[in-house]
1. At each listed q (0.21 Å⁻¹), what is the log10 of I(q)/I(0) that the Debye formula gives for the range 1-50 modelled as equal alpha-carbon point scatterers?
2. Which of the three applies to the range 285-359, rounded, prolate or oblate, going by the alpha-carbon gyration tensor with a ≥ b ≥ c and a/c under 1.5 meaning rounded?
3. Across the range 117-123, in residue order, what do the Karplus-derived ³J(HN,Hα) couplings come to in whole Hz, using 6.51 cos²θ - 1.76 cosθ + 1.60 with θ = phi - 60° and x for Gly and Pro?
4. Tell me which trypsin sites (Lys or Arg not before Pro) from the range 181-286 have a DSSP coil assignment and no more than 15 other beta carbons within 10 Å of their own.
5. The range 1-68: which trypsin sites (Lys or Arg not before Pro) are DSSP loop and have at most 14 other beta-carbon atoms within 10 angstrom?
6. Compute the Cα gyration tensor for the range 1-132, then decide on rounded, prolate or oblate, letting a ≥ b ≥ c be the square roots of its eigenvalues: rounded whenever a/c is under 1.5, prolate when a/b is larger than b/c in the other cases, and oblate in all that remain.
7. Tell me, Kirkwood radius of the chain from alpha-carbon pair distances, in Å?
8. Enumerate by residue number the trypsin sites (Lys or Arg not before Pro) in the range 367-419 meeting two conditions: DSSP loop (anything except H, G, I, E, B), and at most 13 other Cβ atoms within 10 Å of the site's Cβ.
Amino acid sequence: MDHTELTAEQVLKRDIPWEAYMTTKLITGTCLQLLRRYDNRSESYRAQLLDDDGPAYVRVFVSILRDIVKEDTVEYVLALIDEMLTANPKRARLFHDKSLANEDTYEPFLRLLWKSNWFIQEKSCKILSMIVSARPKVQDGFVVNGDTSYSKNKFTTIGDVLKGLVDWLCGQLRKPSHPTRGVPTAVNSLATLLREPLVRSSFVQADGVKLLVPLISPASTQQSIQLLYEACLCIWLLSYYEPAIEYLATTRALPRLAEVVKSSTKEKVVRVAVLTLRNLLSKGTLGAQMVGFGLPQIVQSLKAQAWSDEDLLEALDQLEEGLKDNIKKLSSFDKYKQEVLLGHLDWSPMHKDPVFWRENITHFEENDFQILRVLITILDTSVDPRTLSVACYDLSQFIQYHPAGRGIVNDLRAKDKVMKLMNHENAEVTKSALLCVQRLFLGTKYASFLQS
């Protein structure tokens, strides 16, 4: 049977031989009695049974998943539990009832995650995520169902569960078990579980952040919009966790979030992306990066639109004010550096300002001439004539103002790249490339004389 397309409706139509299981002592007489009362009944009748004796039914379901391996039956019980929790998510608390203190209610679901059966994996993930999230909290941590201190048996601890879940979820993001549902299922669970500090820590350690970032891109279909929303929600939850922020700073998460808020029409998507950007604004150099890729202009555009969500409106105001503060703090070289790192150059005043070059020329030596190397890379990679023209001009400025400029630019093998641009179809590019080549070959004074 193809388990990848199996539905709960199909599974719940099965007739499970409970009497045969009792005959073979795989279930007890009490289990059989409870199952007969519950199985194939209306939702309202089942709801009353769960209200009256919920923990007893949880014990029955968990014991079947623990003791019976036949897939048809395992699928059936998982579908029953999923149906029960979907109808009323608060029923997840039943798994933490005091009467189940000697039951390991986590272990069956954790083990079933690794079955080579998508239906079983998906339902186990959903159910386990709900059970974990519903466990009772105490002041300095959590009350752990099945804690080893209450029993001589070895129980699955909450640490085991969270680590196992995170491993499975990261595995789905890397190589999904189901071609269309694997990733959405993983992200949906993460959007709930990342509220847990323990999960944030495990997820970052498992290198999970980089698996989420590619999912942050403009979406069009209803399914992809929901996936985008939940991926942004995950990043928002991670924006409260310092090690995750440090990792996000090294990825394309910020420009991707900016692109999402710029192009999305779904208010809930824009809201969570803006809230995330607001959280990250004050962290390290992230505010400067946001200024660099044009977020102030995007925020201005967003503020001109009619939004109904008050949290979104407030976050946009805070983001606008924070970006203004960052603009004030940025030195002229910070602004220049942001422009170069983004790879889009324009004729802003600093490029032709002698004062800028005299005051900042030594900054070009930082990080082993990082900015200079990026400028040279732009000559190879950009297709924008304005960017190419400004990059050539800036290299000629570096040669002019740095005492060892010609030698450094030659050592970085920029000469051939600039000479190639002398034949560019755009006259502006040709002119800047010619000036740069002249300064490379003839020195700054003679080149300036030829330009005048």
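1. Rounded to two decimals, the profile gives -0.87.
2. Working: a/c = 3.07, a/b = 2.42, b/c = 1.27.
Because a/c hits 1.5 or more and a/b exceeds b/c, the range 285-359 counts as prolate.
3. Rounded to whole hertz, the list is 9, 4, 4, 5, 4, 4, 5.
4. Counting only loop positions with at most 15 other Cβ atoms within 10 Å, the trypsin sites (Lys or Arg not before Pro) in the range 181-286 are 195, 252, 266, 283.
5. On the way: sites: 13, 14, 25, 36, 37, 41, 46, 59, 66; in loops: 13, 14, 25, 41.
In loop regions of the range 1-68 (DSSP not H, G, I, E or B), the sparsely surrounded trypsin sites (Lys or Arg not before Pro) are 13, 14, 25, 41.
6. Numbers: a/c = 1.26, a/b = 1.11, b/c = 1.13.
Rounded, because the longest to shortest axis ratio a/c is under 1.5.
7. Numbers: mean 1/r = 0.0380 Å⁻¹.
Result for the chain stands at 26.3 Å.
8. Values: sites: 373, 386, 406, 413, 415, 417; in loops: 413.
Listed in order of number, the matching sites are 413.
The values are calculated or read from the model by the stated rules, or taken from the named source; none is laboratory data. In this text, all values refer to a predicted model and were calculated from it rather than measured experimentally. Methodologically, a virtual Cβ is constructed for each residue, glycine included, from the backbone with ideal geometry; neighbour enumeration extends over all protein chains shown. The accessibility values were calculated without ligands, DNA or RNA, using every heavy atom of the protein model including side chains. Shrake-Rupley method; radii C 1.70, N 1.55, O 1.52, S 1.80 Å.
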